[in-house]
Amino acid sequence: VREKRLKALETKRNRIEGSGYKHSVEIQVDASFIPRIIGKGGEAIRALQDRWDVNVRIMDGDNPDDDRAIRIFGNNAENVEQARAEVEFVEEVLPLDASMYSWILGRGGKTIQGFRDSAGLVFAKL
């Protein structure tokens, strides 16, 4: 029983530290972006891991409002960098006159969706 527990702890430590992977990167991300990185039911983070063949770990923070460390592990340096680029968010806030909202949204949200797609945005909202 003791050996089984030690093995489980060793496995958990290796997953957190990224042992067994050739490449890794750690970045700091604003805590407000964590839900976007994880996605609904973990969908976004699983898709990221599958797309780039990497392992992503979001580390617990001491304070929920502080930046959070994200570790990305993989055996291909280029894939690790591509995954890093996807989780590094840049937030840009543009002041808009309320009269422009309907124009920017468009019918059924098509205009803002077009902005997102053409600019490669992950998230856009009014």
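The numbers here are math on the coordinates, done by the rules we state, and not lab data. Given the structure is predicted, the values throughout are model-derived calculations rather than measurements. Heads up, the Cβs are rebuilt from the backbone with ideal geometry, glycines too, and the neighbour counts pull from every protein chain shown.
Which aspartates and glutamates have a Cα less than 17 Å from the Cα of K40, not counting those fewer than 8 places away in the same chain?
D50, E86
With a 10 Å Cβ neighbour count serving as the proxy for reagent exposure, in which order, fewest first, do S102, S24 appear? List each step's numbers first, then the result.
Numbers: S102 11, S24 17.
In increasing order of surrounding Cβ atoms, one gets S102, S24.
With r as the distance between the Cβ atoms of V93 and D53 and R0 = 35 Å, compute the FRET efficiency 1/(1 + (r/R0)^6) and round to 0.05.
That pair, D53 with V93, gives E of 0.55.
What does the highest-first list of 69-82, 31-44, 108-121 look like by mean Cβ count within 10 Å?
69-82, 31-44, 108-121
If r is the Cβ-Cβ distance from R5 to A85 and R0 is 30 Å, what FRET efficiency results, to the nearest 0.05?
E between R5 and A85, to the nearest 0.05, is 0.20.
P(r) for the chain, please, calculated from all Cα pair distances in 5 Å bins and given in %.
The distribution over the chain is 2, 9, 15, 17, 16, 13, 10, 7, 4, 3, 2, 1, 1, 0, given as percents.
What helices does the chain have that are whole DSSP H segments, at least 15 Å long along their own axis by Cα, and with mean Kyte-Doolittle hydropathy of -1.0 or more?
Helices meeting the span and hydropathy rule in the chain are 77-87.
Could you work out the helix-only [θ] at 222 nm for the chain, with each DSSP H run of four or more residues adding -39,500 (n - 2.57) and the total divided by the number of residues, to the nearest 500 deg cm²/dmol?
-13000 deg cm²/dmol
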